[in-house]
């Protein structure tokens with residue numbers, strides 16, 4: 001059986017990351033989201049469709065499906081629909097209005113409505129990576145405790161400590177004295193400077209995170225520059241889940257740890273402090289010593 005995307009239109013809730021790229025082009029684990037979605041289909045036994053037929057599996061392009069749900073759909077084979085709690089059809093075989101079988105998504109399957117949903121997918125995929133691959137150079141004074149994928153031309157300088165599952169693209173310079181914690185992916189051509197800590201984050205290509213900075217549970221766009229001492233807060237004092245603005249509403253993200261979402265070409269001044277769940281639109285910037293309490297729109 002074949003599988004194909006059904007175009008759901010723009011996903012404005014994933015801005016500012018989708019201000020400059022389509023949702024399917026967002027890099028998770030340094031690969032486009034659409035490629036990861038198709039890989040899930042293939043693992044479940046579907047073939048990638050180039051033409052639409054009534055027997056195809058149709059999946060909204062703003063939906064992430066777990067292996068278990070895809071296996072259920074593959075086994076059913078006949079007319080079926082997967083609907084979320086609000087009744088939205090997320091995936092279907094045949095005409096969803098005439099489906100004889102209706103399924104509900106499991107906790108790992110959901111519609112991608114907001115930028116923090118991308119972090120959840122990233123965490124799922126990173127957890128499946130078992131094998132490392134080293135194509136760059138690692139200093140004898142660096143420490144690797146976990147699974148590392150290191151691209152060609154990349155260098156880990158003395159004092160770098162890698163813990164958990166970490167992916168680093170080609171031609172990156174990491175260190176010295178950095179702490180890179182899983183599940184983190186760093187895109188091609190990035191520079192992570194002296195005494196920087198990164199944890200559970202997506203760092204896109206050509207981004208520089210300067211010395212003495214912290215980036216946790218965040219998505220950082222391409223060509224971003226962190227001024228020295230930039231800190232992303234990611235934990236509330238009361239331990240409750242974070243809330244973030246989207247579509248003019250303050251929404252519960254469901255995450256106890258949530259940092260910042262930055263679009264492309266953002267520049268922060270030295271000693272910038274960012275409240276949890278704040279978003280910075282492409283081409284915005286902060287002054288030295290800034291405290292970012294609200295989203296910064298371009």
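Each row is one residue, and each column tells you yes or no for (1) closer than 20 Å to residue 262 by Cβ; (2) assigned to a loop (DSSP other than H, G, I, E, B).
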position: 5; (1), (2): no, no
position: 9; (1), (2): no, yes
position: 21; (1), (2): yes, yes
position: 34; (1), (2): no, no
position: 37; (1), (2): no, no
position: 42; (1), (2): no, no
Revision key, fill the gap. Quick count over segment 48-69, residues being at pLDDT 90 or above and farther than 17 Å from residue 124 by Cα, is 5
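Kindly indicate which of 9, 87 is modelled with pLDDT of 90 or more and at positive phi.
So the residue among 9, 87 that is modelled with pLDDT of 90 or more and at positive phi is 87.
With respect to residue 298, determine if the residue is more than 22 Å from residue 18 (Cβ to Cβ) and either out of contact with any strand residue (DSSP E or B) (no Cβ under 7 Å at 6 or more places or on another chain) or modelled with pLDDT of 95 or more (or both). It would help to see each step written out before you state the result.
Numbers: more than 22 Å from residue 18 (Cβ to Cβ): no; either out of contact with any strand residue (DSSP E or B) (no Cβ under 7 Å at 6 or more places or on another chain) or modelled with pLDDT of 95 or more (or both): yes.
Against the criterion (more than 22 Å from residue 18 (Cβ to Cβ) and either out of contact with any strand residue (DSSP E or B) (no Cβ under 7 Å at 6 or more places or on another chain) or modelled with pLDDT of 95 or more (or both)), residue 298 does not qualify.
Residues are listed down the side, and each one gets a yes or a no for (1) in contact (Cβ under 8 Å) with a residue 24 or more places away in the chain; (2) surrounded by fewer than 14 Cβ atoms within 10 Å (Cβ to Cβ):
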{"residue": "72", "(1), (2)": "yes, no"}
{"residue": "85", "(1), (2)": "no, yes"}
{"residue": "91", "(1), (2)": "yes, no"}
{"residue": "107", "(1), (2)": "no, yes"}
{"residue": "113", "(1), (2)": "yes, no"}
{"residue": "119", "(1), (2)": "yes, no"}
{"residue": "123", "(1), (2)": "yes, no"}
{"residue": "127", "(1), (2)": "yes, yes"}
{"residue": "130", "(1), (2)": "no, yes"}
Point to revise | Some residue of segment 31-50 being crowded, with 19+ Cβ neighbours inside 10 Å, more than 25 Å from residue 202 (Cα to Cα) and not assigned by TED's automatic domain parsing to the domain that holds residue 281 | key: yes
Exercise for review: Could you list all residues from segment 192-218 that are over 14 Å from residue 235 (Cα atoms) and outside any loop (DSSP other than H, G, I, E, B)?
Suggested key: 192, 197, 198, 202, 203, 208, 209
Check your understanding: How many residues does segment 261-285 contain that are touching a strand residue (DSSP E or B) at 6+ places or on another chain (Cβ under 9 Å), part of a loop (DSSP other than H, G, I, E, B) and under 13 Å from residue 298 (Cβ atoms)?
Key -> 7
Exercise for review: Please specify each residue of segment 245-260 satisfying the condition of being buried (at least 18 other Cβ atoms within 10 Å of the Cβ) and in contact with a strand residue (DSSP E or B) (Cβ under 6 Å, 6 or more places away or on another chain).
Suggested key: 253, 259, 260
Review point. Got a number for residues in segment 175-186 being touching a strand residue (DSSP E or B) at 6+ places or on another chain (Cβ under 8 Å) and farther than 22 Å from residue 130 by Cβ?
Key: 3
Review point. Quick one: which strands (runs of 3 or more DSSP E) sit completely within segment 74-163 and have at least 1 residues that are assigned by TED's automatic domain parsing to the domain that holds residue 257 and over 26 Å from residue 10 (Cα atoms)?
Key: 143-150
**Study point:** Residues of segment 190-210 that turn out to be surrounded by fewer than 22 Cβ atoms within 10 Å (Cβ to Cβ), in contact with a strand residue (DSSP E or B) (Cβ under 9 Å, 6 or more places away or on another chain) and on the phi < 0 side of the Ramachandran plot, as a count
**Key:** 7
Check your understanding: Here are some residues: 151, 187. Which one is buried (at least 20 other Cβ atoms within 10 Å of the Cβ), in contact (Cβ under 8 Å) with a residue 12 or more places away in the chain and within 17 Å of the chain's Cα centre (by Cα)?
Key -> 187
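The values are calculated or read from the model by the stated rules, or taken from the named source; none is laboratory data. For clarity, every value in this text was computed on a predicted model and none was experimentally measured. No Cβ is skipped: glycine too gets one built from the backbone with ideal geometry, and neighbour counts run over all protein chains shown.
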